[in-house]
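The values are calculated or read from the model by the stated rules, or taken from the named source; none is laboratory data. Since the structure is predicted, the reported quantities are computational estimates derived from the model, not experimental observations. Heads up, the Cβs are rebuilt from the backbone with ideal geometry, glycines too, and the neighbour counts pull from every protein chain shown. Keep in mind that these areas ignore ligands, DNA and RNA; they rest on the heavy atoms of the full protein, side chains included. Shrake-Rupley method; radii C 1.70, N 1.55, O 1.52, S 1.80 Å.
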Amino acid sequence: MIGPEILQRAYHHMCLAQHMADTYEQHRSVCKYVHSTSRGHEAIQLALAYHLDAADFVSPYYRDESLLLGLGFTPLELMLQLLAKRDDPFTGGREYYAHPNSRGNNKPTIIHQSSATGMQAIPTTGLAQGVKYKEQHLPGTLKKTENGQLPVVVCSMGDASVNEGEVSEAFQFAVLHQLPILYLVQDNQWGISTRAEESRVADAWTYAGAFPGMERLRINGSDFEESYIVLEQVLDTIRKERRPFLVQATVPLLGHHTSGVRKEFYRTEEDLAEASKSDPRLIVRGKLRRKGISELTLSEIEKQAQQEIVTAFQQAIESPEPDPAKVAEFVFVPTPVLEERGLRTPGLRDKIMMVDAALLAIREIMETCPEAIFYGEDVGRRLGGVFREAVTLAEQFGTHRVFNTAIQEAYIIGSTVGLSAVGLKPIVEVQFGDYIYPGLNQLVSEIAKSCYLSCGRFPVQTLIRVPVGAYGGGGPYHSGSVESMLLSIKGIKVVYPSNAADMKGLMKAAFLDPNPVVMLEHKGLYWSKVPGTESARMEEPSRDYILPLGKAAIALPAFALRVEEGDSCCVITYGMGVYWAKAAAAALPGQVEVLDLRCLYPLDEEMVYATVKKHGKCLVLTEEQQNNSFAEALAGRIAYNCFKWLDAPVEVMGALNLPAVPLNLGLENAMLPTPEKLRQRLENLLTK
């Protein structure tokens, strides 16, 4: 049993939620942006909120406005987001209603999460992964609750979201590593207009039974008292025993799915009448009356809530709109690496391969940064990565810092959101570029948008390593180039080194960058086995060598006399293209200048344009299939910005426009650019 004061507090919050929903409905022309309300879900949400501490972490979903009220956010703060106003405390008018993020303010930490159904499960499990890591290995950095208990992590979801495959990846990792997380599933039996019996063979409780070690409960989520007592017990157990739970709370959906998908579109009057019998507000009201709380007292609570909503809504309406001039703020937060530092060629050192440069860079990072961890498929002890670039790291730093994951690209990528939010600095690996696609939802929906939609509060500091490229008969699923796809994602940086020195310097800078960086590493350059790539081996730079992102370099200069005579051209390229271009240029002495981009975003446009203007003739070279590629887009920008200086149209050379790289070596060679094919193109370009 719980006392009447807690019930009265809950009733007040439920009245606020009721009047908020009614107000939004009465002013539909004002509340023009899509939104959902918590009507029917109030009891379970408030019960959770009342048990959370400022040391905890919680990821609400888009129907959790009552949870936010219970955590102490005011109706005005929520309404400012509803109306996309400048003073929306979460996203400055950029994000939907009940899409919070919060750090500090004596409330639990709330990372930004998207509206993509179920996608918050992986980032939030990453939070729990980070909490456990700090608890065990960096205990002095982990904040505890007011009474000295360990923090918990809560992931709130709707029942339909459990059908998403990424939820299973989160469950798998949480159980395997026994993480301190509660998955709270609010089951209202609806997935927009789809009933549960149409869309699932098992509810969340049954589904979670397939993960041994996940303790699970079913509760009546419309009963505040039951919800309060059960969640108190569950959270206390997680605080003490550090293991995952799933609680499935049955609740009615009393409002619309969203303001745009209205209940009358697909629900009958009989269905709505049946659901209203489980209205949490009326259940609490009845319990208060039975506990002796007078009708007058309840009426005062209701009137007070109504007036609070009227006042807050008027304030929200009158609040200023965002400044359009600031729309481009917070895409990234500033990086500390702005200048090249350290010795690139310190002397008296052996030349190293690119694969060794990667190993050395990660080793030096982990030696100096205890928050750095490295994980992915097969990168841990025994193998050290399929390219052996992480061999010995687990032996040196332990399996808690360098470890294998299951084949879970979504988890590998998305978990970095939560880890970054707790102050860890993850380096992760996707085994091949062709395997990145299962992780795109996390990369696009969660990682890339987090900084922008949290107004810089939650940038995701992660380094994602991706071996790419074709050579030696790798075939259609181990040879892909994915840069154009990645560069279409705004909010991430993309690096592409072509030699060992750049590999080491760029990896250090990418690690120190507080924003998400994807590092593309051509596996054909790892060991310089491809003829003509021997110069990818370079003297190992000094330990403190750092190469800032966004700085291109001349890989091969043209002769000054050739330039003066107007008998030169430039090749703008990166990765393996650098070596194709240098080989082709050998047959055209002094006539070809090769510019290695090194970083595709941010792009060194200043150096690109200066190089093109110097020569007047340009070819952009890529390994990707040419049509609709980054190379073609870059050629368009060059043509626009350098038009006055061009003596010929900007040309592009890439792979043939085929769906995949074929396995046969002869077919692979026929598809890709080669030095000979490039030489012919350059000879023709020079005659124009």
*Since VAL650 meets every condition but one in (1) open to solvent by 60 Å² or more (accessible area, probe 1.4 Å); (2) more than 23 Å from GLY433 (Cα to Cα); (3) touching a helix residue (DSSP H, G or I) at 6+ places or on another chain (Cβ under 9 Å), which condition does it not meet?*
(1)
*Any idea which residue in region 178-199 is least open to solvent (accessible area, probe 1.4 Å), counting only those that are touching a Gly at 6+ places or on another chain (Cβ under 9 Å) and small (Gly, Ala, Ser)?*
GLY191
*Identify all residues within region 444-461 that are part of a helix (DSSP H, G or I) and either in contact with a Leu (Cβ under 8 Å, 6 or more places away or on another chain) or among the β-branched types (Val, Ile, Thr) (or both); write none if there are none.*
VAL444, ILE447
*For region 374-384, state whether one or more residues are at pLDDT 95 or above, over 16 Å from PRO467 (Cβ atoms) and open to solvent by 90 Å² or more (accessible area, probe 1.4 Å).*
no
*asked:* So, in region 160-177, how many residues would count as being farther than 26 Å from ARG239 by Cβ and buried (at least 22 other Cβ atoms within 10 Å of the Cβ)?
replied: 1
*asked:* Can you report the number of residues in region 159-205 which are touching a strand residue (DSSP E or B) at 6+ places or on another chain (Cβ under 6 Å) and part of a strand (DSSP E or B)?
replied: 7
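For region 207-222, does any single residue satisfy the condition of being acidic (Asp, Glu), over 20 Å from SER278 (Cα atoms) and either modelled with pLDDT under 95 or not in a strand (DSSP E or B) (or both)? Outline the logic, then answer.
Filtering region 207-222 for residues acidic (Asp, Glu) gives 215.
Now drop any that are not over 20 Å from SER278 (Cα atoms), which leaves 215.
Adding the requirement that they be either modelled with pLDDT under 95 or not in a strand (DSSP E or B) (or both) leaves none.
Looking through region 207-222, none of the residues is acidic (Asp, Glu), over 20 Å from SER278 (Cα atoms) and either modelled with pLDDT under 95 or not in a strand (DSSP E or B) (or both).
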*Quick one: how many residues across region 139-152 are of a type outside the set (Lys, Arg) and out of contact with any Asp or Glu (no Cβ under 7 Å at 6 or more places or on another chain)?*
6
*Per-region count, region 452-480, residues open to solvent by less than 10 Å² (accessible area, probe 1.4 Å) and on the phi < 0 side of the Ramachandran plot*: 12
*Search region 33-49 for residues being on the phi < 0 side of the Ramachandran plot and part of a loop (DSSP other than H, G, I, E, B), and hand back the single one that is most open to solvent (accessible area, probe 1.4 Å).*
TYR33
*Of the residues ASP53, ASP88, which single one is out of contact with any Leu (no Cβ under 6 Å at 6 or more places or on another chain), of a type in the set (Asp, Glu) and in a loop (DSSP other than H, G, I, E, B)?*
ASP53
_Kindly evaluate ILE572 against the criterion of being touching a residue at least 24 places away in the same chain (Cβ under 8 Å), open to solvent by 30 Å² or more (accessible area, probe 1.4 Å) and either over 30 Å from PRO459 (Cα atoms) or in a loop (DSSP other than H, G, I, E, B) (or both)._
no
_Looking at region 305-326 only, could you name the residues that are open to solvent by 80 Å² or more (accessible area, probe 1.4 Å) and not in a helix (DSSP H, G or I)?_
GLU321
_When you check ASN657 against the structure, is it free of Cβ contacts under 8 Å to residues at least 40 places away in the same chain and either in a helix (DSSP H, G or I) or open to solvent by less than 40 Å² (accessible area, probe 1.4 Å) (or both), yes or no?_
no
*Could you grab me the full set of residues in region 327-362 that are under 29 Å from the mean Cα position of the chain (by Cα), of a type in the set (D, E, K, R), within 26 Å of PHE374 (Cβ to Cβ) and in a loop (DSSP other than H, G, I, E, B)?*
GLU340
*Just wondering, is there one or more residues in region 576-599 that are hydrophobic (A, V, I, L, M, F, W, C), open to solvent by less than 30 Å² (accessible area, probe 1.4 Å), closer than 16 Å to SER498 by Cβ and part of a loop (DSSP other than H, G, I, E, B)?*
yes
*Kindly establish whether TYR609 is free of Cβ contacts under 8 Å to residues at least 12 places away in the same chain and not in a loop (DSSP other than H, G, I, E, B).*
no
*asked:* It is to be established whether one or more residues within region 92-99 are in contact (Cβ under 8 Å) with a residue 40 or more places away in the chain, open to solvent by 30 Å² or more (accessible area, probe 1.4 Å), in contact with a His (Cβ under 7 Å, 6 or more places away or on another chain) and not in a helix (DSSP H, G or I).
replied: yes
*Which listed residue is within 30 Å of ARG262 (Cβ to Cβ), acidic (Asp, Glu) and in contact with an Asp or Glu (Cβ under 9 Å, 6 or more places away or on another chain), from ASP159, ASP223*: ASP159
